[in-house]
Amino acid sequence: MALPSYATRGERIWYYTFRVICGLIFFFLIAPIIIMVPLSFNSQPYFTFSREMLTFDPAGYSLRWYEDLFTSESWMRSIQNSFLIGIASTILATTLGTLAALGLSRPHMPYKGLIMGILISPMIVPLIISAAGMFFFFSSIGLAQTFPGVILAHTALGTPFVVITVTATLVGFDHSLTRAASNLGASPSYAFFKITMPLILPGVISGALFAFITSFDEIVIVLFVAGVEQRTIPREMWSGIREQISPTILAVATILVALSIALLTTIELLRRRSERIRGVTLR
């Protein structure tokens with residue numbers, strides 16, 4: 001948005017100063033990522049720029065760390081575990097969170113505030129406390145160091161994101177549409193899948209993506225609940241930093257950054273689609 005022609009000199013100075021400050025803050029936040037990406041192509045086993053890289057010598061760049069990633073049995077197992085746990089927990093969190101949001105959207109839902117507070121509590125309680133509690137609970141019922149235990153733990157972390165996004169999508173939802181469908185003879189399930197679901201689908205998908213990112217990036221719960229067979233990518237990176245420093249970690253981090261950008265872009269596109277469906281004009 002450009003400055004109006006009648007803006008004073010002070011307003012113009014603040015206009016450009018504010019943008020410079022925002023640019024510096026943005027650079028401060030993304031500088032570690034900018035540095036990490038080219039280092040993942042370093043031909044040398046170092047975490048610093050070599051002389052060949054600084055002079056743009058092709059000999060200083062290599063895909064050896066990406067090759068090491070996809071040929072390593074431990075890394076490939078962690079990738080498979082991350083996708084298995086992430087997809088399973090996302091399906092559960094999306095189902096439970098959507099049902100909870102639909103129930104909370106009812107105008108006469110009793111104790112709505114209390115239930116909402118309980119559902120989003122995993123986002124508020126410090127993660128280390130949740131991890132310790134889950135460890136003792138799952139140990140007592142035999143789910144510690146098992147895939148179902150890790151999936152349920154990640155489901156608990158991802159459900160609040162689904163509840164919040166779907167609840168926000170349901171704001172302003174016209175419930176007379178479902179009542180009209182019922183009056184015309186539609187069953188509750190038919191009305192849900194034909195009327196409600198298409199309208200809230202962008203929010204459901206956004207919540208599912210947030211739940212997947214939360215599971216895919218989680219490390220504290222995995223350290224407490226998971227065993228050797230449930231090592232995920234963050235757990236493998238943690239072990240790699242502690243036990244053997246290898247630029248393969250930078251290659252993994254670069255791929256995760258690209259994946260995060262793709263998912264966040266998808267979420268933004270879904271948000272815009274949701275607003276268009278609800279008749280909100282975007283600028």
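Structural remarks
- Cα-centred dipole magnitude for the chain, charges only on beta-carbon of K, R (+1) and D, E (-1), debye, nearest 20: 1160
- For the chain: span of alpha carbons on each principal axis (Å, largest first): 74, 71, 32
- Difference of contour (0.36 nm per residue) and Cα-Cα distance, Trp14 to Arg242: 77.4 nm
- Positive dipole terminus of the stretch 17-116, leading residue within Met109, Ser89, Met36 (C-beta point charges): Met109
- Amide H contacts of Asn42: Ser62, each under 5 Å away and 5 or more positions distant or on a separate chain (H built 1.01 Å from N in the peptide plane; Pro and chain starts excluded).
- Measuring between their Cα centroids, the stretch 32-59 and the stretch 145-200 lie 47 Å from each other.
- Scalar couplings 3J(HN,Hα) for the stretch 89-104, obtained by applying the Karplus form with A = 6.51, B = -1.76, C = 1.60 to θ = phi - 60°, are 5, 5, 4, 5, 5, 5, 5, 5, x, 5, 4, 5, 5, 5, x, 6 Hz; x denotes Gly and Pro.
- Distant-in-sequence amide contacts of Gly227, defined by a placed amide H-H separation under 5 Å and a gap of 5 or more residues or a different chain, comprise Gln145, Thr146.
Every read-out reported here was derived from the displayed coordinates using simple, explicitly stated rules and does not represent laboratory data. All values derive from a computational prediction rather than experimental measurement. Every residue, glycine among them, receives a Cβ derived from its backbone with ideal geometry; neighbour counts consider all protein chains shown.
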